[in-house]
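What follows is a single structure, written as structure tokens, with notes after it.
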Amino acid sequence: MVVPPLKTLSTLVDNLVQNPFEDKYWKLKKSNKSIQEKILQFPEILEVIKILGFEDEDDTMQIKFGNTNLFSSVQSGIMEIIQENGELFGVSV
């Protein structure tokens, strides 16, 4: 099912856009069960995470250099996917 990973990605990007100076949103713990289930096991979602600037570091993935314009663009893209395909996912916006 695509909804949980897409929602998780959407929340992650929303946090980056809304809180660009809070370090806690710039790091993902790979040992976190939710991150494992909703991001790491989906190659497509993981690729987006890497495009956002997250890099592997031991037990974390961390953004070293962020681009708020990129975060906003990805956020818009996610919302567009949900709006255009929400009925497939059982999601409405």
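The values are calculated or read from the model by the stated rules, or taken from the named source; none is laboratory data. If you're wondering where the values come from, they're calculated on a predicted model, not measured in any experiment. When we count neighbours, we look across all protein chains shown, and the Cβ atoms used for this are built from the backbone with ideal geometry, even at glycine. In case anyone asks, the SASA skips ligands and DNA or RNA and just uses the protein heavy atoms, side chains included. Shrake-Rupley method; radii C 1.70, N 1.55, O 1.52, S 1.80 Å.
A compact table of results
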| item | result |
| --- | --- |
| Residue tally, condition over 20 Å from Gly77 (Cα atoms) and open to solvent by less than 40 Å² (accessible area, probe 1.4 Å), over the stretch 43-62 | 2 |
| Residue satisfying condition, being within 13 Å of the chain's Cα centre (by Cα), free of Cβ contacts under 8 Å to residues at least 24 places away in the same chain and either under 29 Å from Gln83 (Cα atoms) or surrounded by 14 or more Cβ atoms within 10 Å (Cβ to Cβ) (or both), within set Leu16, Leu40 | Leu40 |
| Index of the failed condition, Ser31 passing every other in (1) of a type in the set (S, T, N, Q); (2) at pLDDT 85 or above; (3) surrounded by 11 or more Cβ atoms within 10 Å (Cβ to Cβ) | (3) |
